[in-house]
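Colleague: Sending over a structure as structure tokens; questions will come in a sec.
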Amino acid sequence: MSLLEQISTSLQQGEDKQVFELTNEAIAEGIPAKEILDNGLIAGMDIIGEQFRKHEIFLPEVLLAARAMYAGMDQLKPLFAKEGIPSIGKVVLGTVQGDLHDIGKNLVGIMLKGAGFDIIDLGKDVPPEEFVETAVREGAEVIGMSTLLTTTTPMMTQVIELLKEKGFDSTIKTIVGGAPVSEELARDIGADSYGYDAASAVDRVKELIG
Amino acid sequence: MNTIVQFELSDILPRPEAVLQDQGVPGDRPVPDRIDAVFTQALDIFARSARPTGTISELTAEELTPIFRGEGENEADALLARIYHRADNLALFALTMGSEVSANIEKLFADNDFAAGSMLDSVASLAADKASEVFEARFFQDLSSRGLITPEHLVLGYSPGYCGWHISGQKKLFEYLEPDRIGISLNDSYLMTPLKSITGLLVSGRKEIHQCEPHFGYCSSCKHRSCQERLARLVS
Ligand code: B1M
């Protein structure tokens, strides 16, 4: 088994220490960082994502694999110092103002990162302006908003309206999710997409970015 | 009278199968060792950091009316509206697992220990649910010892945010019960901190008053269909 295959396999087994060591070994052997990322870490996460979708493995196993992926990525980071870790798109993510729930948002962020996206996680209780300003400043393609309460869904509308007001609604797409959010509500408030769960959020963001 | 209760950990610890089910792990398959290890880790952190506390206060239907009306946002056919006037005894409660559990969940996520963080979140949510069942049982026993319960009686809890009782009902409930005395606060979006907290109304009455067909307009948007289990208790 090649070193990159070993990284992918250890990642799938959630062995973060092994992934850490193997990634260092691959760096020492002179394998380009981008190759380690794509053919080791992301390749492993792709398999995990597929198995999760098919209900062959479950959330805790996905999260153990994600930790292993982060362990490897941390080793690669300095090698990408200037331009940052290459990604397939940039997403600004957060729980909207007035809400402090972040487990759902965190799971979405972990899955997106595992699929190769660059995630700027603003945390929870995020004001509408912060979503928009960060997305514009960082050149993000997507803003992802999460909430668990019906009372805070109007905050999602505010972000979408602010984007329109500032003329960024055609360049920065929005996706919303969380317990009180539905496909219908997403449409009603003018969001570009809706994610039912973390796995579908990945598919939807990929669609948005094209 | 407003009573403060410290829950026994052994009374509220959720069953492993319930936690794993909450994590999406089906009960009909063997649990992989590494998932089992994460569960044990989460349970251990919960046992060390939970401070399960509640407050409960009996009140009359007349006292409840303005609290239930809240900010005037309830659904016209809110379930409780047709129940509480027919009840024999009522009590408002609030309970929390404490802030340290939530801080630990956050810390685990910050340390990239996502599996343990998510598992601890499930453990704490289910423990909060169990604590509200403990309140139901205690209220039942208390009324029983006062001769206020017959074999036909059942105590069930109803919460703002469920069954047409709008979540903004939290405001008046907080004004009456003052759960800040046990460390629970409410923000402008009606969100309680610590997150693992529950409020509600305990309704004691003959079983038939709780009877309903869960086909209200608001049922379609409810993502937490615990009503079937609750209704099953009417026949048991
Ligand atoms: C950017 O793109 C995207 C895409 C997808 C996205 C996304 C963003 N964000 C999320 N997703 C999606 O992907 C994630 C991963 O799959 C998912 O994220 P979630 O965050 O949804 O999922 C989490 C990982 C797991 N899910 C959860 O943790 C929530 C599950 C349900 C059952 C739930 C639970 C467990 C709890 N609760 Co309660 N609770 C409910 C929930 C009903 C439901 N089935 O969703 C909900 C949220 N609760 C509700 C209520 C009313 C309440 N709860 C309360 C309490 C509790 C518990 C303590 C028992 C427990 C813990 C909650 C907590 N605060 O941590 C109270 C409030 C607590 C507080 N702090 O204020 C209380 C007010 C009840 C009371 N009176 O005490 C309802 C809110 C209704 C409303 N009007 O807003 C509720 C929707 C149930 C219902 N009635 O249908 C997806 O939504």
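Colleague: For A:A81, indicate whether it is hydrophobic (A, V, I, L, M, F, W, C) and open to solvent by 20 Å² or more (accessible area, probe 1.4 Å).
Modeller: Numbers: hydrophobic (A, V, I, L, M, F, W, C): yes; open to solvent by 20 Å² or more (accessible area, probe 1.4 Å): yes.
Judged against the criteria, A:A81 is a match.
Colleague: Test A:G98 against the criterion of being closer than 23 Å to B:M192 by Cα and within 14 Å of chain B (Cβ to nearest Cβ), and give yes or no.
Modeller: yes
Colleague: Turning to a different aspect of this structure: In contact with a helix residue (DSSP H, G or I) (Cβ under 8 Å, 6 or more places away or on another chain), at pLDDT below 95, open to solvent by less than 50 Å² (accessible area, probe 1.4 Å) and not assigned by TED's automatic domain parsing to the domain that holds A:M69: is that true of A:G195 in this structure?
Modeller: no
Colleague: Just a yes or no: is a residue in the stretch B:91-105 open to solvent by less than 50 Å² (accessible area, probe 1.4 Å) and within 12 Å of chain A (Cβ to nearest Cβ)?
Modeller: Checking the stretch B:91-105: at least one residue is open to solvent by less than 50 Å² (accessible area, probe 1.4 Å) and within 12 Å of chain A (Cβ to nearest Cβ).
Colleague: If you don't mind, another one. With the requirement that a residue be touching a Leu at 6+ places or on another chain (Cβ under 9 Å) and more than 11 Å from every other protein chain (Cβ to nearest Cβ), what does the stretch A:101-117 give you?
Modeller: Correct list: A:V108, A:L112, A:G116.
Colleague: Would you please name the residue that is nearest to the other protein chains (Cβ to nearest Cβ), looking only at residues in the stretch A:170-201 that are more than 22 Å from A:Q51 (Cα to Cα), within 11 Å of the ligand (Cβ to nearest atom) and among the hydroxyl-bearing types (S, T, Y)?
Modeller: A:S182
Colleague: Looking at the stretch B:191-236, which of its residues are within 14 Å of chain A (Cβ to nearest Cβ), more than 17 Å from B:C163 (Cα to Cα) and out of contact with any strand residue (DSSP E or B) (no Cβ under 8 Å at 6 or more places or on another chain)?
Modeller: Scanning the stretch B:191-236 gives B:L191, B:L195.
Colleague: Which pairs do you get when a residue that is within 14 Å of A:T157 (Cα to Cα), found in the stretch A:169-184, comes within reach of a residue that is surrounded by fewer than 16 Cβ atoms within 10 Å (Cβ to Cβ) and acidic (D, E), reach meaning Cβ atoms under 8 angstrom, with the pair 6+ apart or on two chains?
Modeller: Close Cβ pairs satisfying both conditions: A:G177/A:D197.
Colleague: From (1) away from the ligand (no atom under 11 Å from the Cβ); (2) surrounded by 16 or more Cβ atoms within 10 Å (Cβ to Cβ); (3) under 21 Å from the mean Cα position of the chain (by Cα); (4) not aliphatic (A, V, I, L, M), pick out the condition that doesn't hold for A:R204.
Modeller: (1)
Here is a yes/no grid of residues against (1) near the ligand (Cβ under 10 Å from one of its atoms); (2) in contact with a Ser or Thr (Cβ under 7 Å, 6 or more places away or on another chain):
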{"position": "A:G89", "(1), (2)": "no, no"}
{"position": "A:L93", "(1), (2)": "yes, no"}
{"position": "A:M111", "(1), (2)": "yes, no"}
{"position": "A:E133", "(1), (2)": "no, no"}
{"position": "A:T147", "(1), (2)": "yes, yes"}
{"position": "A:T152", "(1), (2)": "yes, yes"}
{"position": "A:I160", "(1), (2)": "no, yes"}
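Colleague: Go through the stretch B:169-204 and report how many residues are surrounded by 19 or more Cβ atoms within 10 Å (Cβ to Cβ), in a helix (DSSP H, G or I) and not hydrophobic (A, V, I, L, M, F, W, C). Break it down into steps so the answer makes sense when it comes.
Modeller: Initially, the stretch B:169-204 is screened for residues surrounded by 19 or more Cβ atoms within 10 Å (Cβ to Cβ), giving B:169-170, B:173-174, B:177, B:179, B:182, B:184, B:186, B:189-192, B:194-204.
Within this subset, residues satisfying the condition of being in a helix (DSSP H, G or I) are B:169-170, B:173-174, B:177, B:179, B:182.
Restricting the remaining residues to those that are not hydrophobic (A, V, I, L, M, F, W, C) gives B:169-170, B:179.
Qualifying residue count for the region: 3.
Colleague: Return the only residue of B:E62, B:E75 being within 14 Å of chain A (Cβ to nearest Cβ), open to solvent by 80 Å² or more (accessible area, probe 1.4 Å) and outside any strand (DSSP E or B).
Modeller: After ruling out the rest, the residue left standing is B:E75.
Colleague: So, one more: Tell me whether the stretch B:150-165 contains one or more residues that are surrounded by fewer than 18 Cβ atoms within 10 Å (Cβ to Cβ), polar (S, T, N, Q) and either within 14 Å of another protein chain (Cβ to nearest Cβ) or over 19 Å from B:G54 (Cβ atoms) (or both).
Modeller: Yes, that holds for at least one residue.
The values are calculated or read from the model by the stated rules, or taken from the named source; none is laboratory data. What you see is a predicted model, and the numbers here were worked out from it, not measured in a lab. So basically every Cβ, Gly included, is an ideal-geometry build from the backbone, and we count neighbours across all protein chains shown. Just the protein is used for accessible areas: all its heavy atoms, side chains included, with ligands, DNA and RNA removed. Shrake-Rupley method; radii C 1.70, N 1.55, O 1.52, S 1.80 Å.
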